[in-house]
1. Pick from Asp191, Asp60, Asp247: which residue has the top mean-square fluctuation in a GNM of the chain where Cα pairs under 10 Å get a spring?
2. When N is the residue count of segment 3-150, what does its C-alpha Rg come to as a fraction of 2.2 N^0.38 Å?
3. Please compute the modelled spin-label separation between Met119 and Glu37, points set 7 Å along Cα→Cβ, answer in nm with one decimal.
4. Quick one: compute a quarter of the convex hull surface over the Cα atoms of segment 71-112 and quote it in nm².
5. Over the Cα atoms of the chain, Rg to Rh with Kirkwood Rh, two decimal places?
6. Roughly how many nanometres apart are two label points built 7 Å out from the Cα toward the Cβ at Glu109 and Thr164?
7. Let's test the formula: R0 of 30 Å, r as the Cβ-Cβ distance of Asp24 and Glu205. What FRET efficiency results, to the nearest 0.05?
8. Positive end of the dipole of the chain, charges at C-beta (+1 Lys, Arg; -1 Asp, Glu), about the Cα centre: which of Tyr219, Tyr192, Thr136 has its Cα farthest in that direction?
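The values are calculated or read from the model by the stated rules, or taken from the named source; none is laboratory data. All values derive from a computational prediction rather than experimental measurement. Cβ placement follows ideal geometry from the backbone for every residue including glycine, while neighbour counts extend to all protein chains displayed. Accessible surface is based on the protein model in full, side chains and every heavy atom, while ligands, DNA and RNA are left aside. Shrake-Rupley method; radii C 1.70, N 1.55, O 1.52, S 1.80 Å.
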Amino acid sequence: MKLGFIGTGALTSAIVTGLKSAADNSVPVLLSPRNEEIAAGLALRYPDVRVAPDNQAVLDSCDTVMLAVRPQIARDVLSGLQFRRDHHVVSLIATLSREEIAALVAPAEQVTKALPMPMIAHRQGATIICPPNRRTSAFFGRLGKVIEVEDPSEFDALSVVTATFASYFKYLDTIHGWLKEHGVADARAHDYIATIFKALANAPETAPDTGFMDLAEDYATRGGINEQVVRELTARNVFAAFAESLDGVLRRISAGAAPRTGPPS
Ligand SMILES: NC(=O)c1ccc[n+]([C@@H]2O[C@H](COP(=O)([O-])OP(=O)(O)OC[C@H]3O[C@@H](n4cnc5c(N)ncnc54)[C@H](OP(=O)(O)O)[C@@H]3O)[C@@H](O)[C@H]2O)c1
């Protein structure tokens, strides 16, 4: 595989970093020159990562091309490039449909959508792939879990999960702030929350057949303090409002109107 990237930003940097930390990391990488600083930094760090003079040079030298520009400029950038029939194009632009991308990269015949997350830099997390593709799965499988889906609407629904990361940290920050207000030292509060939530995050994987609500109930002793918080938040429609926000994100993603996806949004 000769791997090229059109768009060298946060996500490309994370993928290349994850790739080059893997045991079998011999895939040579050619980066488009923007962002200049990120591309130069990666090329400096890894001997088989180079920066091409322009986007077309990436295509001309590579068989697999990952598209990692922001959705707003994707049409302009891609329509100016000459793709080959034998290019395998992997679009990371979650909000543009596979059909739209396929039209922009014609005559390339193999077009796959993939949704990795920035934690791929540490070879953690999961990449959603649609439609299933052996080579794309093998590539991302070295960098974390791969979830292949046939149905684009399932891909869109799964991608809504990535809109919840900031709320998750806001939730932890609420607990942190509350602890500080109640006299707990900043670092101690942070350490306690980070350790406890890391352990909680392990629970679904260690008990894959246990539903999330079953896990919740394991902690929600009748009349206990966990039950109290769930009951009070439920009564205030906090969870219903959260689900409504997910509906809104899905509408935005499905309409292709989201300015960008993922945690940095
Ligand atoms: N970050 C995430 O967590 C995440 C997760 C899933 C999917 N995605 C998707 O992945 C794509 C990239 O996201 P990102 O977070 O990596 O965005 P980003 O950090 O903004 O990177 C985009 C890169 O594209 C470059 N660029 C601008 N114009 C270009 C051109 N004409 N030709 C080539 N490159 C050009 C930019 O360079 P300059 O800095 O020089 O403008 C920038 O480095 C987006 O479509 C996003 O929706 C991102």
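1. Fluctuation is largest for Asp191.
2. For segment 3-150, the normalised Cα radius of gyration is 0.94.
3. 2.7
4. 2.5
5. 1.03
6. Modelled inter-label distance: 4.0 nm.
7. 0.75
8. In the chain, that residue is Thr136.
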